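Below is one structure; the comments refer to it alone.
The values are calculated or read from the model by the stated rules, or taken from the named source; none is laboratory data. The structure displayed is predicted, hence computed values, not measured ones. Cβ: placed from backbone, ideal geometry, glycine included. Neighbour counts: every protein chain shown. We work out accessible area using only protein heavy atoms, side chains counted, and drop any ligands, DNA or RNA first. Shrake-Rupley method; radii C 1.70, N 1.55, O 1.52, S 1.80 Å.
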Amino acid sequence: MQQTVAAAEFLAACALSRVDAVGGFARDGLLSSQEVFTQQLVTGLSNGMIIALIAIGYTMVYGIIELINFAHGDLCMLGAYFALTVVGALGVDQWAGTGGIMGLVLVLVGTAAFCGSLNWSINRLAYRPLRKASKLSLLVSAIGASFILVNLGLFWGGLPMDVFADGTSSAAPKAFPALVSAAPAAQIGDVIYSRTDLLVLCVTLPLMVALTYLVRFTKLGKAMRAVAQNPTGASLMGIDVERVIGASFFIGGSLGGFATVVYSLYNQTVSFQMGYRMGMDAFIAAVLGGIGNLPGAVLGGILIGVIRSMSDGYLEARWTNTVVFGILILILVFRPSGLLGAKLREKV
Amino acid sequence: MAISSKRITINLLLIAAVASIPIIEKFVPLGLHISDPMTDVFVYAILGLGLNILTGFTGLLNLGVAAFAAIGAYVFAISTCEIYPFQLGFWSALGLTMAAGALAGFALGAPTLRVRGDYLAIVTLGFGEIVKDVLVNMDSITKGTQGINPLPPPTLFGHELGGSGQYWLFMVIALLVAIGARSLERSRIGRGWISIREDELASRAMGIRPDHAKMLAFATCAALAALAGALTASRLSSSGEPGNYDFQISILALCIVIVGGIGSVRGVLLGALVMVGMNSIVLVKLTELMGGSDAAPPAALAEAHGLQWAFLFVKTWAQNVLISPTNWKFLVFGLALVLMMIFRPEGILPARGAKEDAPDGDEGPGGVAGGVTGGGASPVATKELRP
């Protein structure tokens, strides 16, 4: 009998602690002011633009071969390690003035080329042999590729270089040097727009414009749209389908490369396990916007960035991942076509 | 198909060989200590068999099976640990755990019946992440990252079991689950699952209710995964921290199913032996053999030049990470998945009839995985691509 009473008390305590958790959600909201909100919005938009750039890589690949390229986030992780290696080789000290900008451009372009080529090679080795297999075999292969990249990141972190802390603890997160200072670039009211925010904007916006131009107005872009619509039809029209697929992997990967450099500069820490988190955020963004839809990926990325930032600021940061994954599940269950995607036909 | 007496003999011999490992270790001091990791193999075999019901038989890819194991471990921990008021015995807690697992399976299965293929895989992945985060965050109940301990060890007829006793108990449970899975496969329910995997529309036309069958597959998978989680918790006397039940465990379970032979019970048992053996026996033993690393000091590297520098650089790097075989774990998982998908999608011990069941020619060399990993659920007629 005593045990029953104790059990009832425990269950009641469980119920109460749930209420507590919900109470925590609302508690901080009361302290909000216009500035806090705007500041969170700025942070969210900056992160969102980075997420959007990675999400484009997911959405391009999905649009063309209907593969959730699970390895994309880990590709970006390796890109961050590549960038860190280049920075370490160039020397961490002199990054001011014109030389600094040149160096930054070099790191950006180099990492983009590295990620693009790596993504192209992954496609060639792990996905192309499975072109005729089912979508799920392809997904399993992509998960395998993702694990291989994670392990390469672990190896990479053991390089005996200063930037990797002499590689003595390969699994530990590495500090990414603050090449662009987080000093305020502008201040309006109490809201600070930092130089890194500016950097994010200067890198992501031109790339998105360039990509839109490429997909809309160039021959390659037209070929990509044709392959996405109907690969057999496209190949009958003389399009080299494999080449177009390879090109989309390269382009998606190099956008991820740009994004990962900006991400590392913005967050100033990299680890071999960060690819999973980056990849999931970007994938959720792509799904939210409507996977296969380029403007959708950008919209989704910005929304996810803002939602994360608002959840960090107004709920509790430890619940942010739950919120974001909850959104993913709700979209997939109730509106799999996403915000901008066309309504899917139910196929039997 | 009747089982030939030859096959029964082989199976009995294998079981006897596995059962004798603790005895041999006791009397022949080879210093291998493999009975402990072998107990892990049994637990992962149960997890793999559960996943095999959902992913192998029914063709629904689940990337969040670790979440069910976590739910099992925590339900077991809360119902037995002395700091909570329930304090059930080992066996009644095990029963409760499986029931809770099945309930969790329904909870995930019901809303996702309409979600297909790779989207379902992502939903299960998200579910796994949410369960892990909730377990960490609800620390007033779950003790957060500390995990719940101590937990009572497994008992049999009132006796607490030690190392060898647990080994045999877990082996028997894994065997019972395997026999159960085998019988289920041939039963009306199992044939229903397989027909859904092959062609959902046709099976509906044959009078199978796909929604019911899928829910049942989800619940069975979740109950077995919860059982595996509870057994581990009891063996380690702790629920472990929620971070232990992460994506990596789900992928290990998936590797077990895919490497062994998706949809094949004997394949899953072999897969558990190969993958867990690789993970907790081979890599660990190799690391012990290699001994500690003695990386060159950074100063020596700074002074060296040219070829000598390159040599020292590579040597230090190798001693930092490459030399430790446990650092190759993810590579082993990853390569196992990619190579199996490309070269032998049906696994080492393919399910009976997997080859003949391969769908039409356009599925190509991946035909078996195409059927088995459930591409069959909705052959994509036209692509719906938005430019």
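At a glance:
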| item | result |
| --- | --- |
| A:Ile291 vs. criteria outside any loop (DSSP other than H, G, I, E, B), crowded, with 18+ Cβ neighbours inside 10 Å and touching a helix residue (DSSP H, G or I) at 6+ places or on another chain (Cβ under 9 Å) | no |
| Yes/no for B:Ser79 being within 14 Å of another protein chain (Cβ to nearest Cβ), surrounded by fewer than 18 Cβ atoms within 10 Å (Cβ to Cβ) and either touching a residue at least 40 places away in the same chain (Cβ under 8 Å) or hydroxyl-bearing (Ser, Thr, Tyr) (or both) | no |
| Residue match in the stretch A:212-227 (condition: more than 13 Å from every other protein chain (Cβ to nearest Cβ), under 23 Å from the mean Cα position of the chain (by Cα), under 30 Å from A:Ser194 (Cα atoms) and β-branched (Val, Ile, Thr)) | no |
| Members of the stretch A:126-145 found to be more than 7 Å from chain B (Cβ to nearest Cβ) and either over 26 Å from B:Asp246 (Cα atoms) or among the hydroxyl-bearing types (Ser, Thr, Tyr) (or both), listed by number | A:Tyr127, A:Arg128, A:Arg131 |
| Residues satisfying the stated conditions in the stretch B:141-173, i.e. in contact (Cβ under 8 Å) with a residue 12 or more places away in the chain, within 20 Å of B:Trp91 (Cβ to Cβ) and among the aliphatic types (A, V, I, L, M) | B:Ile148, B:Leu151, B:Leu156, B:Leu169, B:Met171, B:Ile173 |
| Considering residues of the stretch A:155-197 that are touching a Ser or Thr at 6+ places or on another chain (Cβ under 9 Å), assigned to a loop (DSSP other than H, G, I, E, B) and modelled with pLDDT under 75 only, the residue most open to solvent (accessible area, probe 1.4 Å) | A:Asp190 |
| Options A:Val244, A:Val270, A:Val298; residue that is closer than 15 Å to A:Asn119 by Cβ and not hydroxyl-bearing (Ser, Thr, Tyr) | A:Val244 |
| Scope the stretch B:331-352; condition within 14 Å of B:Gly271 (Cα to Cα) and assigned to a helix (DSSP H, G or I); matching residues | B:Val332, B:Phe333, B:Ala336, B:Leu337, B:Met340 |
| Residue within the stretch A:308-316 that is of a type in the set (A, V, I, L, M, F, W, C) and surrounded by fewer than 23 Cβ atoms within 10 Å (Cβ to Cβ) present | yes |
| Subset of the stretch B:109-127 that is open to solvent by less than 10 Å² (accessible area, probe 1.4 Å) and touching a residue at least 60 places away in the same chain (Cβ under 8 Å) - its residue that is nearest to the other protein chains (Cβ to nearest Cβ) | B:Gly126 |
